[in-house]
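Visitor: This is the structure I have questions about; it appears just below.
Every number here is computed from the coordinates shown, using simple stated rules; none is lab data. Only a predicted model underlies this, so the values are computations on that prediction, with no experimental measurement involved. Here the Cβ is made from the backbone with ideal geometry for all residues, glycine too, and neighbour counts use every protein chain on show.
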Amino acid sequence: MSDFGYTDEHQPVTWYRGHPIYAAHMVVVGFVATMIATAVIMALKIAAPFAWLPFSSADVLAGQVWRVVTYGLLNPPSLWFAVDMLMIVMFGRELERFFGRVKFLVLYGCFYVIPPLVFTAIGHWYPAQLVGETGAFALFIAFATLYPGAMMMFNIPAKWAALVLIGLFSLRALAYHAWDDAISIWATSLFAFVAIKYEKGEFSLPRLRLPGSRPKFKVITGGGGEPDLSPRGATMAEVDALLDKIAQSGISSLTKQERARLDSARERLARRDSGS
């Protein structure tokens, strides 16, 4: 835990018998409920949900846009579903503790809708269908990007485990022509990697500059009129990332801009504590 403390966003939603309950747990509870409902529907041989809820790129392009969201509501009982739920709890909880509840839910929501959106975009050339929860593997990729040195089973660093699994899934897709699975995994994994790198402040998105527009700088008075190019407001995620970097490599590993971010955050915290 950082010296700056966590906001309510980084705290559990509630507690149950002394155990913290995070939003990741509640997501799993929701999916387990859909699994139970799906089992009942299958036992009663009710066909309507399977006709109207799964994703189909052809149906979405025909106007049935709700399928982009509802495809994950049908989850037949399976061992793989249980593994997905375990991944959401394990890796989703860590991402939520680092980034906060809202960012975690937004991140998982993106993992959930990216596959159907991608398949819709290429639906005219490659019709595809989806049914059942997705996005759990992308949470692991996000975790491995955030904590690449974390040890997994058999003392394998998370970054290598992620690369091995992506490679295995890709080879399986090649062997069985399972391109739907490959596209889904590649799209969500790439998004997870880029999103975490961006949140950690390791790169910034390019900004479009219109012809004739001028960059805006904040000028410091009394300092020679030089524009202030150092970042002023560090987010909690950025602060935690800087503190992790200090813990791993020492404070000397920070760049001048990173030190400015950390000092700025410390000053803002001090002002907040003093009530100013």
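Visitor: Obtain the nm distance between the two label points defined at Met153 and Ala51 by a simple spin-label model: each point lies 7 Å from its Cα along the Cα-to-C-beta direction.
Guide: 4.2 nm
Visitor: Please state the Cα pair-distance histogram of region 142-181 with 10 angstrom bins from zero: what percent is in each bin?
Guide: Per 10 Å bin, starting at zero, the Cα-Cα P(r) for region 142-181 comes out as 32, 38, 26, 4 percent.
Visitor: Bins of 10 Å, beginning at zero and ending with the bin holding the largest distance: percent of Cα pairs per bin for region 1-105, please.
Guide: Result, from short to long distances: 13, 33, 30, 18, 6, 1 percent.
Visitor: Any idea how far the Cα center of region 87-130 sits from the one of region 27-54, in Å?
Guide: 20 Å
Visitor: Using a Förster distance of 51 angstrom, determine the FRET efficiency expected from the C-beta separation of Trp186 and Ala37, and round it to 0.05. Please report the intermediate quantities before stating the final value.
Guide: Working: r = 31 Å, r/R0 = 0.60.
The calculated FRET efficiency here is 0.95.
Visitor: Whole-Å semi-axes of region 8-199's equivalent ellipsoid, largest first, each the root of 5 times a Cα gyration tensor eigenvalue? Please list the in-between numbers first.
Guide: Numbers: eigenvalues 147, 96, 52 Å².
The three semi-axes for region 8-199 are 27, 22, 16 Å.
Visitor: For labels at Met90 and Arg259 in the simple 7 Å Cα→Cβ model, what's the distance in nm?
Guide: Once both label points are built, they end up 4.0 nm from each other.
Visitor: Continuing with this model, one more query. Taking 0.36 nm per residue of sequence separation and subtracting the Cα-Cα distance, how much length would be gained by fully extending the chain between Arg172 and Ile122, in nm to one decimal?
Guide: Values: separation 50, 0.36 × 50 = 18.00 nm, distance 2.18 nm.
Full extension of this stretch gives 15.8 nm more.
Visitor: If each residue of separation counts as 0.36 nm, what is the full-extension length gain between Val194 and Val83 once their alpha-carbon separation is subtracted?
Guide: Working it through step by step, the gained length comes to 37.5 nm.
Visitor: Next question, about the same structure. Along Cα→Cβ, 7 Å out, is where each label goes; now give me the distance between the ones at Val106 and Leu165 in nm to one decimal.
Guide: 2.5 nm
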